[in-house]
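Encoded as structure tokens, the structure appears first; notes follow it.
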Amino acid sequence: SEYTDRLWAYSQLLRARLSGGWIVALLPPLFLHASAQHLLGNMIGLTAGGAAVEEFYGRRRTLALYLLCGICGAILSLLRPKDVLSVGASGAIMGLYGVILVFLLRFRTRFTDRQRMKTTRIYLPLLVLALLPGIFQADLLSHVGGFLGGVLLALVVQPLRDRINWQREEAAGPDPSA
């Protein structure tokens with residue numbers, strides 16, 4: 001109870017500071033959690049989403065995407081008129097899922113038939129299943145803001161060329177044995 005009261009007070013303080021122009025108020029919500037269950041859920045979501053993004057974007061880009069998506073989520077969460085507890089990495093994690101969605105849709109034509117089948121029948125349905133619980137959680141605007149931030153960032157930030165097999169083959173040139 002005392003922890004929850006402190007979180008609410010801190011969230012209101014951050015909202016007030018942001019209204020006063022203190023942009024740094026957007027970062028602390030990314031590292032606070034309402035409960036051990038909240039932290040565990042975010043750790044599971046980050047493990048799945050972060051690993052997928054890191055595979056194609058690398059560590060530094062994944063960290064940058066994570067922070068920027070989290071800031072997008074925090075902006076929507078903290079700027080709403082209604083007081084809502086703005087804590088957790090959920091917005092940032094939802095943003096990573098937005099990056100994954102854009103990646104799968106943007107590069108699907110370059111996938112092999114097998115990869116396209118797996119994307120359509122496995123990865124996209126799993127992505128939807130991962131997103132649905134987050135949509136119905138308490139801080140909907142943080143989740144939406146992070147997800148939309150991830151979608152927009154994925155349209156600008158390119159995956160690393162050496163992380164995508166079909167681009168490695170293109171960079172190597174034609175097969176001399178052919």
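A few comments on the model shown:
- Residues located in the stretch 38-82, provided they are among the basic types (Lys, Arg) and at pLDDT 90 or above: ARG59, ARG60, ARG61
- In the stretch 148-178, the qualifying residues are those that are closer than 21 Å to LEU96 by Cβ and open to solvent by 50 Å² or more (accessible area, probe 1.4 Å), and the one that is modelled with the lowest pLDDT is ARG163.
- The requirement of being farther than 17 Å from VAL24 by Cα and in a helix (DSSP H, G or I) is fulfilled nowhere in the stretch 66-89; no residue meets it.
- Only one of LEU18, LEU105 that is open to solvent by less than 80 Å² (accessible area, probe 1.4 Å), farther than 30 Å from ASP162 by Cβ, in a helix (DSSP H, G or I) and among the hydrophobic types (A, V, I, L, M, F, W, C): LEU18
- Residue in the stretch 126-140 that is at pLDDT 75 or above, surrounded by 15 or more Cβ atoms within 10 Å (Cβ to Cβ) and of a type outside the set (D, E, K, R) present: yes
- SER1 passes every criterion in (1) among the polar types (S, T, N, Q); (2) at pLDDT below 80; (3) within 14 Å of GLY146 (Cβ to Cβ) apart from (3).
- Looking only at residues in the stretch 29-45 that are touching a Ser or Thr at 6+ places or on another chain (Cβ under 9 Å) and open to solvent by 30 Å² or more (accessible area, probe 1.4 Å), the one that is farthest from ALA89 (Cα to Cα) is SER35.
The values are calculated or read from the model by the stated rules, or taken from the named source; none is laboratory data. Here the structure is a predicted model, which means the values were calculated and not measured. Counting neighbours? That spans all protein chains shown, and the Cβs are built from the backbone with ideal geometry, glycine included. To get the accessible areas, we keep the full protein, side chains included, count just its heavy atoms, and leave off ligands, DNA and RNA. Shrake-Rupley method; radii C 1.70, N 1.55, O 1.52, S 1.80 Å.
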